[in-house]
Amino acid sequence: MILRSHLRALPYVALLAVACSGAEGSGAGAGGGPGTDAAPDVSYEPTPVDGSACNAVMQHHPILASPHVATCSVLDYATNPPSSGPHYPAWPAFKSYDAPVPRGYWVHALEHGAVIVLYSCTDCDDEVAAARQWVDALPLDAVCAKNDSKRRVIISPDPLLPTRWAAAGWGATLRASCFEPAVFADFYERMHGAGPENFCAEGVDLDDGDGGLTVPPGCGTPAGAADGGPDGG
């Protein structure tokens, strides 16, 4: 029953996946945005964010080959959180999720210019609420004007993170010990729309309506993956 709603949504996204896969190639340097490896002056060294109260660090990363792979494949990424690389044919709807969205889904959303906001903590309900309010207050994304998506942002728990909070854009990451609206807003301004396939088509809503996901149990989960994040999360 749970999977049926997921599968009903796939044909529409599958058509878009076919359309984007033709232009995808290796995915390396394809878009010329701030996250691609086409810009020779981009440093890949971690950069502490000036004035951050949450020890935030931003870092650009080389773009990996980013082909489509089988849905729910276990994937290994060069950065944590991922900022490019192999991904599933469908991408998630741009919204906030209560359950961890498998990375193979949202890496595809990065390719379409999304910014992903992630947290590993389980004792941070107030911060999660603040993050959701922050997303709702962002300016409307002009690229999304013709569909129901207002902003290309996904919020999801991610127990695999090395920090309590993080964000990812195409070719860049932000890591922090807490949610800091001004810092995440700056990252969003830099990185939204940076993917090589910069459009705002609706993705698959993976929310099952009951706090879970419409994906098979264990989808994309590495063997022996941690059950919780750092700092008691």
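Quick note: the coordinates plus some simple rules give every number you see, no bench work behind them. These numbers were taken from a predicted model, which means no experiment stands behind them. Please note: Cβ atoms are built from the backbone with ideal geometry, for glycine as well, and neighbour counts cover all protein chains shown.
Worth a mention:
- Calculated from backbone phi, Karplus (6.51, -1.76, 1.60) coupling profile of region 66-71 in Hz, x at Gly/Pro: 10, x, 6, 10, 4, 4
- Computed on region 123-233, with alpha-carbon pairs under 8 angstrom and 6+ residues apart, the relative contact order is 31 percent.
- Loop sites in region 88-187: trypsin sites (Lys or Arg not before Pro), DSSP, at most 13 other Cβ within 10 Å: Lys146
- Note: relative contact order over region 85-124, using C-alpha pairs below 8 Å and six or more positions apart, is 41 percent.
- Potential extension, Ala70-Tyr44 segment - 0.36 nm per residue separation minus Cα distance: 6.4 nm
- Taking a ≥ b ≥ c as the square roots of the eigenvalues of the Cα gyration tensor, an a/c ratio below 1.5 marks region 108-222 as rounded.
- Every pair of different Cα atoms in region 60-115 enters the Kirkwood calculation, which places the hydrodynamic radius at 11.5 Å.
- Anisotropy class of region 79-155 from Cα gyration tensor, a/c 1.5 cut: oblate
- Cut-off under 5 Å, modelled amide H: who pairs with Asp158 long-range: Tyr119, Ser120
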